[in-house]
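Data first, discussion second: the structure below is written as structure tokens.
The values are calculated or read from the model by the stated rules, or taken from the named source; none is laboratory data. Predicted model, so just to flag it, every value in this text is computed and none were measured. In this analysis, Cβ positions are derived from the backbone assuming ideal geometry, glycine residues included, and neighbour counts consider all displayed protein chains.
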């Protein structure tokens, strides 16, 4: 009975404890957590951050003594207020919920904000140092602003006083066309929109309906450090550094500093100051132009005056041309008068000299008479000589007729003697030697009898039995009388 009683008591005790299924316990815990922590703000450092292809964000928040899992559903990502990353200290706003399948709880985050300015400044400083090491803030990258841009591009919010201040300042100083690329200047997605606007302006080629600006102004009004965080974003800073259009940053008030101030070509303390940097004052520019024009006119006048003085000094050093012409004309007239007077005197002088010569010459009749007498004497002598010659010839003719027979014999004798002498002469004639194959070498008409008398390159004449040919000595061999000819 004792055993039975014990069993009965055990069953009664179990019957007083409620029984739950696993899903009921999980649901009860979930309802309890969501009811007690339906709206909480949790401060911690983001760690184990992951972005899934589905668009959900998973991470953990930790502090010195604990760690809490967190999740951001895809629909809430665009409303977070910042871009989460590991190491960032934030304050997450959301609710605690349980996940029954893994017996875990997590913080479902709807909004994030930086945990005080200290965390923001530390994050900004880390980014600044990293970008500075890459050289994005070097002075060598800065571009000069144009003196008078044709078109000014403005990246700012379409609402607010910033755009109005910029336009008012431009109209007051020097009206210029303004192209506005409206963007949100704070909140989720603002940084990406600002970076895209800067890159969009830089990609314009000026050929389409939208002109390419000559200078850009990135501006917004003042605000808290969190409000200005879009201009501390890495994407915006890189877009500013890569922009090929000279860019002026005008974010916040004079005491506010953002990272794009380091990357921009010029920093303006306010949007109004940025507009003043972009264009000069038209009246001052016109006054400067007038002043420069006056200086140029004065300088030109001084140069003309100096040139005129030099010309006057040079003209004073030149002789008087009319006086020179008059003197030359008087000299010409004087020479003409002297020539007119001297020509008749010269002719008369030459005529007197001719008359004097004529007087010294003998008379023509006397000369002819003397020549005629001499000719008569010579003619008489010639006749006497001819007569005497004919007489001698007649005497010889008579003698020949008396001794004609002995003369024939004498002629035969003389003819035979002449033939013998001719034979001897033919035997010693050089032409007979040439007919036997020899040649006569001569230079300048003189016979050459020695090979040593000839030198290379000398022209010689070779006489053969039937004629003469020209030849050139190519080289000689000296003592043996040998040489070579080039015909």
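Numbers at a glance
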| item | result |
| --- | --- |
| Close pairs (8 angstrom Cβ cut-off, 6 or more residues apart or separate chains): on the phi > 0 side of the Ramachandran plot in region 453-471, part of a strand (DSSP E or B) anywhere | 457/472; 457/473; 457/474 |
| Residue identified as within 60 Å of the chain's Cα centre (by Cα) and surrounded by 13 or more Cβ atoms within 10 Å (Cβ to Cβ) among 111, 74 | 111 |
| Near pairs, Cβ below 9 angstrom, 6+ apart or cross-chain, from region 287-309 (in the same structural domain as residue 174 (by TED's automatic domain parsing) and touching a residue at least 60 places away in the same chain (Cβ under 8 Å)) to any residue that is surrounded by 10 or more Cβ atoms within 10 Å (Cβ to Cβ) and assigned to a helix (DSSP H, G or I) | none |
| Condition broken by residue 167, with the remaining ones in (1) in a loop (DSSP other than H, G, I, E, B); (2) in contact with a strand residue (DSSP E or B) (Cβ under 8 Å, 6 or more places away or on another chain); (3) surrounded by fewer than 19 Cβ atoms within 10 Å (Cβ to Cβ) satisfied | (1) |
| Any hit, region 275-285, residues being within 25 Å of residue 135 (Cα to Cα), assigned by TED's automatic domain parsing to the domain that holds residue 141, over 37 Å from the mean Cα position of the chain (by Cα) and surrounded by 19 or more Cβ atoms within 10 Å (Cβ to Cβ) | no |
| Scan of region 26-40 for residues that are exposed (fewer than 11 other Cβ atoms within 10 Å of the Cβ) and within 30 Å of residue 119 (Cβ to Cβ), ordered by number | 36, 39 |
| Residue within region 201-212 that is buried (at least 24 other Cβ atoms within 10 Å of the Cβ), on the phi < 0 side of the Ramachandran plot, touching a helix residue (DSSP H, G or I) at 6+ places or on another chain (Cβ under 9 Å) and in contact (Cβ under 8 Å) with a residue 40 or more places away in the chain present | no |
| Residue in region 224-241 that is surrounded by 24 or more Cβ atoms within 10 Å (Cβ to Cβ), farther than 20 Å from residue 123 by Cα and either touching a residue at least 40 places away in the same chain (Cβ under 8 Å) or in contact with a strand residue (DSSP E or B) (Cβ under 9 Å, 6 or more places away or on another chain) (or both) present | no |
| Residue within region 132-139 that is over 26 Å from residue 76 (Cα atoms), buried (at least 18 other Cβ atoms within 10 Å of the Cβ) and in contact with a helix residue (DSSP H, G or I) (Cβ under 9 Å, 6 or more places away or on another chain) present | yes |
| Search result, residues across region 291-325 that are modelled with pLDDT under 85 and in a helix (DSSP H, G or I) | 315, 316, 317, 321, 322, 323, 324 |
| Leading residue by the ranking (modelled with the highest pLDDT) among those in region 457-479 that are in contact with a helix residue (DSSP H, G or I) (Cβ under 8 Å, 6 or more places away or on another chain) and over 20 Å from residue 431 (Cα atoms) | 476 |
| Condition check for residue 153: in a strand (DSSP E or B) and either under 25 Å from residue 240 (Cα atoms) or assigned by TED's automatic domain parsing to the domain that holds residue 215 (or both) | yes |
| Condition check for residue 153: surrounded by fewer than 17 Cβ atoms within 10 Å (Cβ to Cβ) and touching a strand residue (DSSP E or B) at 6+ places or on another chain (Cβ under 8 Å) | no |
